[in-house]
Structures are given as structure tokens and as C-alpha cells.
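Take a look at the structure below.
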Amino acid sequence: MNYLDLELLKVKELREYEKKHKLKQGKTKSDILKNIMEARYKKYKIIGTLGDPGRDAVTYLVSYNKKTYALKQFKPRKSVKKIKDEFEMQETAYEAGISPKPIDINVYQKYIIMEKLDTHLIDITKAKQMTLDHQKQLINIYKKLDSISIFHGDPNPLNYMLKNKKLYVIDFGMSKYINKNLKKKLNSEHPNVELMTLSMVLKLKNMNYPNSSYKYLINYIPQEYKEMLLT
């Protein structure tokens, strides 16, 4: 049961949870929730960092109950609402099969616990070659994001990771729900397929990847950009 599920429980149910897990008693519902999340936080042992620090978070490799997870620790300035939105969007993406499973969220210590993946896509393409399979998986991710009405919004190539050769998208910190206003603002009915693909191609070109690394991707970007990208 993650924090968002606990938040829906009544005080009586939370007190039963307290007793079951032998936690100190809180006076209010907020106190009880805070005590529960503090107790959970202490159970995770930090092993090291995963990747480079982001603009508003650092991701750690942690262990708990003989299993390892990724713990995304947000900076104090990150709002509770944005942390909740990020967790919920990733949960929706996980259910669509394109993101690692979010395990828990803590709005007091401001972190999200999630399934640990194997490696960044960028790390296995150091020879500067994006395979056709990777390109097809990227497009599948963008199509799924459009279908679940979430615009990822962050074209950083480091936001794609693999586990058992399957590609996943991570970091929903800049994501927004797709609605009529966003489609109008972005001038696109399929903003992930069109704009995220365009951004990825531009990133790969800037990183001196050969045309073959984005030849398939180019089929999905708006026509007005294709000739420019191929020159």
C-alpha cells in the first residue's frame, strides 16, 4: 500500500496500521501518515547514486528486504502536488507497459521509490548507433503516451532506459496531461509522436549520430521538418 492509498484511509484504519507495525501514535491523521512514512524511509539503505544529479532530484540505488530499487530524492523546493502528479503519471505509464513500476511515494521526505532498470539507452549506443529496434520501441512509447493522454515534455536522451532489452521512459517531472488546450498550444494532435520524436532526432543529430540512427524516427515527424533534418 503506497502513500496515496494510505491517504484515503480513515483515522481508525490508520491507527490499526500503526498498531500492526508497532509505530508511535500520532494525534492527527497527518501525524500518523508522517510517522508511517518516516518509518518506511528508515528501512531503505542507500547503496550509491544512479546517473548524474538532475535539475530537481538525485536518484539513488537503495536496498530493502534483500531487493534493490531506485529512489528519486527531490530537492526541498519541489511541491507536494508536483511529486504526486509525477507519481500518478508514471503509474499510468507503467500500466501501459512503458515505464518502470512506481512502488511508493513519500511527500514528507519528498521521494519516489520505483523499480530499478538495467541501463540507460545512451550507454548502450556509445558507438553512436541507434538500432532499428530501439527506434521502433521509442515510437511505440510515444504512441502509448499519446493514447494515455500524457505529454512527457522532456526530450533528454537519458530519460530512456532498458531492462531485458525492453525500452522504458522515465522522469515525468516535466510531463503534462494532454487536453484540448495543450494540443492547441503545441499545434499537434499527437504531441509525443510528433514533437518528442522531433526533439529526439535533433538531439541525436547534435550528438553526431549517423542518419541511420534516426531514419525510422523521421517518418513520424511533421513533414515541414523532414527535408531540413535530412540535409
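Could you please find all residues in region 14-26 being more than 16 Å from Y108 (Cβ to Cβ) and assigned to a loop (DSSP other than H, G, I, E, B)?
The answer is H21, K22, Q25.
Only one of M196, M228 is at pLDDT below 95 and either under 29 Å from K75 (Cα atoms) or not in a loop (DSSP other than H, G, I, E, B) (or both); which?
Being at pLDDT below 95 and either under 29 Å from K75 (Cα atoms) or not in a loop (DSSP other than H, G, I, E, B) (or both) holds for just one of M196, M228, which is M228.
What's the number of the only condition in (1) under 30 Å from S63 (Cβ atoms); (2) out of contact with any Pro (no Cβ under 7 Å at 6 or more places or on another chain); (3) modelled with pLDDT under 95 that F172 fails to meet?
(3)
Quick one: which residue in K45, K84, K78 is in contact with an Asp or Glu (Cβ under 6 Å, 6 or more places away or on another chain) and of a type outside the set (S, T, N, Q)?
When all the criteria are applied, what remains is K78.
Applying the selection to region 199-225, what residues are in a helix (DSSP H, G or I), under 15 Å from I139 (Cβ atoms) and charged (D, E, K, R)?
Result: no residue meets the conditions.
Between a first residue in region 117-130 that is part of a helix (DSSP H, G or I) and a second residue that is hydroxyl-bearing (S, T, Y) and surrounded by 12 or more Cβ atoms within 10 Å (Cβ to Cβ), which pairs have beta carbons less than 9 Å apart while being 6 or more apart in sequence or on different chains?
Listed by first residue and then by second, the contacts come to L121/Y160; I122/Y160; T125/T131; T125/Y209; T125/S213.
Of Y44, Y64, Y60, which residue is free of Cβ contacts under 8 Å to residues at least 60 places away in the same chain, touching a strand residue (DSSP E or B) at 6+ places or on another chain (Cβ under 6 Å), of a type in the set (S, T, Y) and surrounded by 11 or more Cβ atoms within 10 Å (Cβ to Cβ)?
Y60
Among the residues that make up region 136-157, is at least one of them more than 27 Å from I112 (Cα to Cα) and within 21 Å of the chain's Cα centre (by Cα)?
For region 136-157, residues more than 27 Å from I112 (Cα to Cα) and within 21 Å of the chain's Cα centre (by Cα): present.
Tell me which residues, restricted to region 60-78, are among the hydrophobic types (A, V, I, L, M, F, W, C) and closer than 11 Å to Q109 by Cα.
Hit for region 60-78 is F74, nothing else.
Can you give me the number of residues within region 183-198 that are buried (at least 16 other Cβ atoms within 10 Å of the Cβ) and either within 15 Å of K143 (Cα to Cα) or outside the structural domain of M130 (by TED's automatic domain parsing) (or both)?
So the count comes out to 10.
Given M161, M174, which one is in contact with a Gly (Cβ under 8 Å, 6 or more places away or on another chain), within 23 Å of A96 (Cβ to Cβ) and not acidic (D, E)?
Testing whether each residue is in contact with a Gly (Cβ under 8 Å, 6 or more places away or on another chain), within 23 Å of A96 (Cβ to Cβ) and not acidic (D, E) leaves just M174.
So that you can scan it fast, the table gives a plain yes or no per residue for (1) farther than 25 Å from R55 by Cα; (2) surrounded by 11 or more Cβ atoms within 10 Å (Cβ to Cβ):
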{"position": "N164", "(1), (2)": "yes, no"}
{"position": "I170", "(1), (2)": "no, yes"}
{"position": "N181", "(1), (2)": "yes, no"}
{"position": "N206", "(1), (2)": "no, no"}
{"position": "Y220", "(1), (2)": "yes, yes"}
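Only residues that are touching a helix residue (DSSP H, G or I) at 6+ places or on another chain (Cβ under 8 Å), within 27 Å of L138 (Cβ to Cβ) and assigned to a helix (DSSP H, G or I): list them for region 67-111, please.
Of everything in region 67-111, those that are touching a helix residue (DSSP H, G or I) at 6+ places or on another chain (Cβ under 8 Å), within 27 Å of L138 (Cβ to Cβ) and assigned to a helix (DSSP H, G or I) turn out to be F87, E88, A93.
The values are calculated or read from the model by the stated rules, or taken from the named source; none is laboratory data. Keep in mind it's a predicted model, so treat the numbers as computed, not measured. Every residue, glycine among them, receives a Cβ derived from its backbone with ideal geometry; neighbour counts consider all protein chains shown.
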